[in-house]
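Okay, so here's the structure we're looking at.
The values are calculated or read from the model by the stated rules, or taken from the named source; none is laboratory data. Because the structure is predicted, anything quoted here is derived from the model rather than measured. Note that each Cβ is placed from the backbone with ideal geometry, even for glycine, and that neighbours are counted across all protein chains shown. Calculation scope for accessible area: heavy atoms of the full protein, side chains included, ligands and nucleic acids excluded. Shrake-Rupley method; radii C 1.70, N 1.55, O 1.52, S 1.80 Å.
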Amino acid sequence: MRSAEATRKTLETAVRVEIELDGSGESDINTGIAFFDHMLAQVARHGLFDLNIVAEGDLEVDAHHTVEDVGIVLGEAISEALGDRAGIGRMADATVPMDEALAQVAVDLSGRGHSSFEGEFANAEIGDLETQLIPHFIDSLARHAGANIHVRILAGQNDHHKCEAAFKALARALDAATAIDERRG
């Protein structure tokens with residue numbers, strides 16, 4: 001079983017993540033940020049990862065530390081669950097529509113962390129999540145998972161749809177990149 005648990009405790013947050021890469025898409029997520037929880041549940045469901053996340057943060061200040069630290073800890077858990085990364089597909093991409101929105105994500109689990117995010121949101125927030133934190137989450141995840149993650153929002157008018165398409169594309173690309181390819185030995 002390719003699974004891991006990772007934690008992080010700072011003055012601002014306490015985060016615990018459990019992940020099973022070869023799961024069935026089950027999740028139990030509570031970050032205190034409802035829209036963020038919804039997006040993380042999409043990663044579990046569409047990546048077929050079993051994912052449990054509990055985060056307590058200084059949300060009375062803002063969501064920055066919580067979103068960043070969830071990205072850090074989720075990245076660390078993914079990296080640990082991958083082990084030496086032998087036999088994985090490593091590189092994958094996915095393009096996902098959601099109504100009028102279209103997003104593409106490409107992933108390389110190279111062991112080196114880098115991210116890029118191309119796309120705009122019309123509003124400063126989607127639900128209770130600041131849109132500027134979305135690329136920041138992707139960057140934190142990429143750096144701590146040892147992954148190159150490139151996100152492009154190609155079309156869309158509705159911010160919710162654009163964000164959800166991006167998270168679903170991330171899930172599908174991560175699923176394919178983490179999958180064991182028996183031909184690789």
Item to check | Near pairs, Cβ below 6 angstrom, 6+ apart or cross-chain, from the stretch 61-73 (within 13 Å of Ala14 (Cβ to Cβ) and small (Gly, Ala, Ser)) to any residue that is part of a helix (DSSP H, G or I) and open to solvent by less than 50 Å² (accessible area, probe 1.4 Å) | outcome: none
Item to check | Complete set of residues in the stretch 1-50 that are of a type in the set (A, V, I, L, M, F, W, C), part of a strand (DSSP E or B) and touching a helix residue (DSSP H, G or I) at 6+ places or on another chain (Cβ under 7 Å) | outcome: Ala4, Ala6, Val15, Val17, Ile19, Ile29
Next on the checklist: Of everything in the stretch 73-88, what is touching a Leu at 6+ places or on another chain (Cβ under 8 Å) and either within 16 Å of Ile138 (Cα to Cα) or open to solvent by less than 30 Å² (accessible area, probe 1.4 Å) (or both)? Give them in sequence order.
Outcome noted: Leu74, Gly75, Ile78, Ala81, Leu82, Ile88
Next on the checklist: Looking at the stretch 41-66 only, could you name the residues that are open to solvent by less than 50 Å² (accessible area, probe 1.4 Å) and among the hydrophobic types (A, V, I, L, M, F, W, C)?
Outcome noted: Ala41, Val43, Ala44, Phe49, Leu51, Ile53, Ala55, Ala63
Next on the checklist: Given the options Glu125, Glu80, name the one that is charged (D, E, K, R) and over 21 Å from Ala147 (Cα atoms).
Outcome noted: Glu125
Checklist entry - Going through the stretch 71-110 one residue at a time, which ones are more than 20 Å from Ala4 (Cβ to Cβ) and of a type in the set (Val, Ile, Thr)? => result Thr95, Val96, Val105
Checklist entry - Name the pairs: first residue in the stretch 1-30 and of a type outside the set (A, V, I, L, M), second residue at pLDDT below 95 and assigned to a loop (DSSP other than H, G, I, E, B), Cβ to Cβ under 7 Å, at least 6 apart or on different chains? => result Glu20/Met1; Asp22/Met1
Checklist entry - Within the stretch 91-114, how many residues turn out to be crowded, with 19+ Cβ neighbours inside 10 Å and either without any contact (Cβ under 8 Å) to a residue 60 or more places away in the chain or under 11 Å from Glu164 (Cα atoms) (or both)? => result 5
Checklist entry - For the stretch 21-40, which residues satisfy the criterion of being open to solvent by 20 Å² or more (accessible area, probe 1.4 Å), out of contact with any Leu (no Cβ under 7 Å at 6 or more places or on another chain) and of a type outside the set (S, T, N, Q)? => result Asp22, Glu26, Asp28, Ala34, Asp37, His38
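Filter the stretch 120-134 down to the residues that are open to solvent by less than 30 Å² (accessible area, probe 1.4 Å) and of a type outside the set (Val, Ile, Thr), then identify the one that is nearest to Ile78 (Cα to Cα). I'd like the intermediate steps shown before the answer.
First, pick out the residues of the stretch 120-134 that are open to solvent by less than 30 Å² (accessible area, probe 1.4 Å): 126, 129, 131, 133-134.
Filter once more, so that each one left must be of a type outside the set (Val, Ile, Thr): 129, 133.
On the way: Leu129: 23, Leu133: 20 Å.
Filtering first and then ranking leaves Leu133.
Yes/no per residue for (1) under 24 Å from Thr66 (Cα atoms); (2) touching a Lys or Arg at 6+ places or on another chain (Cβ under 6 Å); (3) open to solvent by 70 Å² or more (accessible area, probe 1.4 Å):
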residue	(1), (2), (3)
Glu118	yes, yes, yes
Phe137	yes, no, no
His160	yes, no, no
Arg184	no, no, yes
